Amino acid sequence: REQFEKIYRRALDGMQSMGEIFRVTEDQAASLDVFLEFLRQRSKEYLDSMGLEHQFLLPQGLPYAEVGAEQRQNVWLVLKESLNNTAKHAQATLVRISVWKEDRTLFLRIQDDGCGFDPSAPRPGRGTRNMPKRMRSIGGSYAVDSSPQKGTTILLSCPLKRPFRPPGIWNRL
């Protein structure tokens, strides 16, 4: 019975993850504001379920921009893995996610007030090793800074697509 329940929970988790990937890669999520709302809501749900205090900081009045489907998928998966690692290992009480845009680049900073870790030490799981690869695969970057005194900070960058503008008369409106 225990083995069946374990398999069942894994199957449910897998279906939930697939549903999240489907939602984040839908065309409706291509605009920056919709994508950021997806990240905010999913982060809130997860951190609430783990009993962690959290803040999601967004600048006011972000200009329109589009985020490609592959970028959305990889940023979401890296953010999700970061939050999962924080909840499981950091002994944190607060997670702060800050988002900003410079030129055609989106930045996310995930900070916790936890116990930190040695980023140069080998990790047993695949998640931590895959995060930099995911970000590089979309032309972005991944950096981590961690210490027992200040917790862990992860910085992600993701290139944004040029906004679509139809040719001709529409450019003059």
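The values are calculated or read from the model by the stated rules, or taken from the named source; none is laboratory data. Since this is a predicted model, take the numbers as computed values, not measurements. Glycine also receives a Cβ, built like all others from the backbone with ideal geometry; neighbour counts cover every protein chain displayed. Surface areas here come from the heavy atoms of the whole protein model, side chains and all, with no ligands, DNA or RNA. Shrake-Rupley method; radii C 1.70, N 1.55, O 1.52, S 1.80 Å.
Going by average Cβ neighbours within 10 Å, how do the peptides 66-77, 134-145 rank, with the highest at the top? Numbers along the way, then the final one.
Details: 66-77: 20.0, 134-145: 16.1.
Going from most to least packed, we get 66-77, 134-145.
In a shell of Cβ-Cβ distance under 15 Å around residue 110, excluding residue 110 itself, what net charge do Lys and Arg (+1) and Asp and Glu (-1) give?
With Lys, Arg at +1 and Asp, Glu at -1, the net is +4.
Counting only other residues whose beta carbon sits under 12 Å from that of residue 96, what net charge do I get with K and R as +1, D and E as -1? Before the final figure, lay out the partial values.
Details: positive: 109; negative: 53, 112, 113.
Once positives and negatives cancel, what remains is -2.
How about residue 88: which lysines have a C-alpha closer than 17 Å to its C-alpha, ignoring those fewer than 8 places off in the same chain?
44, 80
Considering only the other residues whose Cβ falls under 13 Å of the Cβ of residue 134, what net charge follows from Lys and Arg at +1 and Asp and Glu at -1? Could the numbers behind the result be given before it?
Working: positive: 72, 80, 126, 129, 133, 136; negative: 70, 81.
Residues close to residue 134 contribute a combined charge of +4.
List every residue whose amide H lies under 5 Å from the amide H of residue 160, counting only residues 5 or more places away in sequence or on a different chain, with H placed 1.01 Å from N in the peptide plane.
Sorted by chain and number, the residues that satisfy this are 105, 106.
If you average the C-alpha positions of the stretch 98-151 and of the stretch 55-79 separately, how far apart do those two centres end up, in angstrom?
Spelled out, the Cα-based centre of one part sits 15 Å from the other.
Would you be so kind as to identify which of 111, 67, 90 lies farthest towards the positive end of the dipole of the stretch 62-112, taking Lys and Arg as +1 and Asp and Glu as -1 on Cβ and the Cα centre as origin?
So the residue we want is 90.
Rounded to the nearest whole Å², what accessible area per residue is found for the stretch 49-173 with the 1.4 Å probe?
Values: 7420 Å² over 125 residues.
Per-residue accessible area for the stretch 49-173 comes out at 59 Å².
Take the alpha-carbon positions of the stretch 28-144, form their convex hull, and give its projected area averaged over all directions (one quarter of the hull surface) in nm². Show your work: numbers first, answer last.
Numbers: hull surface 29.5 nm².
It is 7.4 nm².
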